[in-house]
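The structure under discussion appears below in the form of structure tokens.
A short reminder: the numbers here are calculations on the coordinates, not readings from a lab. Since this is a predicted model, take the numbers as computed values, not measurements. Counting neighbours? That spans all protein chains shown, and the Cβs are built from the backbone with ideal geometry, glycine included.
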Amino acid sequence: MFKRMKEDMDVVFEQDPAARTYFEVFLTYSGLHAVWWHRIAHAFFKRKMFFIARAISQFSRFLTGIEIHPGAKIGRRFFIDHGMGVVIGETCEIGDDVTVFQGVTLGGTGKEKGKRHPTVHDHALIATGAKVLGSITIGEYARIGAGSVVLKDVPEHSTVVGIPGRVVRQYGKKVQHTKLDHHKLPDPVEDRCDRLQKEIDALREELAKRKDGEIDDN
């Protein structure tokens, strides 16, 4: 048990340059506390002592601001940075060396039964405020950008941004959205930004012509 706790604290030093001493990390890192409380709650959950498990998870939520359902399966060296507002659903499965930031939700999309929350594979990173919803899979070494809403599977070694989430890079190379079926969803915000940018470009071109005397105001 103590070996696992030290392993968890070592991850903090690797991920957070603000960490200074083991004493500080042990006492003040709420993400670390949430993971430790979850392990206790999960042990009761596996023994079908659901009320005790849930009570422990709610107590942990009160202390840390992080809600992890006791049924969630979490691997080793899971790091929650800052952590306030993180929500992890009952059927989530999280691999090893995964990092999430504050405000992240790993949730469901409705009242469906069975597996209804994401599976996050090893070494994935989910940035601030991202929402990963439904029984989808986040591949190894995937990166989910801040504020993204992800509703489809994410391939390994991919970077996803936007609402809805779109793969913009894979294995370090830019991805053309039209080549991936699950990125053909319309994005009204992006469309409006494109139209505004075209109008701005046209206005700039007209102003430049006026300055050069190509357009006569009379």
Non-local residues with an amide H under 5 Å from the amide H of residue 74, with H modelled 1.01 Å from N and Pro and chain starts lacking one, are 94
If 12, 100 are placed from fewest to most neighbouring beta carbons inside 10 Å, the sequence is 12, 100
per DSSP, antiparallel bridges as share of beta bridges in the range 2-185, % nearest 5, sits at 20
Listed with the fewest Cβ neighbours within 10 Å leading, 57, 148 appear as 148, 57
Residue-normalised 222 nm signal for the chain, counting each DSSP H run of n ≥ 4 as -39,500 (n - 2.57), nearest 500 deg cm²/dmol, is -11500 deg cm²/dmol
Give me the aspartates and glutamates in straight-line cross-link reach of residue 209: C-alpha distance below 12 Å, same-chain residues under 8 apart excluded.
217
Mind jotting down the distance between the C-alpha centroids of the range 88-115 and the range 43-78, whole Å?
13
Which one, [x] 1.31; [y] 1.03; [z] 0.98, gives Cα Rg over 2.2 N^0.38 Å as derived from the coordinates shown?
[x]
Cut-off 10 angstrom, C-alpha nodes, Gaussian network model of the chain. Which of 93, 140, 112 fluctuates the most?
112
Charge tally in the Cβ shell below 9 Å around residue 91, where Lys, Arg are +1 and Asp, Glu are -1, residue 91 excluded:
+1
Search the structure for amide H atoms under 5 Å from the amide H of residue 126, placed 1.01 Å from N in the peptide plane, and list their residues when 5 or more places away or on another chain.
99, 100, 101, 144
Calc'd 3J(HN,Hα), the range 79-87, phi into Karplus 6.51 cos²θ - 1.76 cosθ + 1.60 (θ = phi - 60°), Hz, glycine/Pro = x, comes to 10, 10, 8, 6, x, 3, x, 5, 10
Amide H within-cut-off set for residue 137, under 5 Å, with H built and near neighbours excluded
119, 153, 154
A correct Karplus calculation of ³J(HN,Hα) over the range 61-74, with 6.51 cos²θ - 1.76 cosθ + 1.60, θ = phi - 60°, whole Hz and x for Gly and Pro, returns 4, 4, 7, 10, x, 10, 10, 10, 5, x, x, 5, 9, 10
Quick check: net charge around residue 202, other residues with Cβ under 12 Å of its Cβ, Lys/Arg +1 and Asp/Glu -1?
0
Could you line up 84, 1 from fewest to most neighbouring Cβ atoms inside 10 Å?
1, 84
In sequence order, what are the phi-derived ³J(HN,Hα) couplings for the range 113-122 according to the Karplus relation 6.51 cos²θ - 1.76 cosθ + 1.60 with θ = phi - 60°, rounded to whole Hz, with x for glycine and proline?
9, x, 5, 10, 10, x, 10, 10, 7, 4
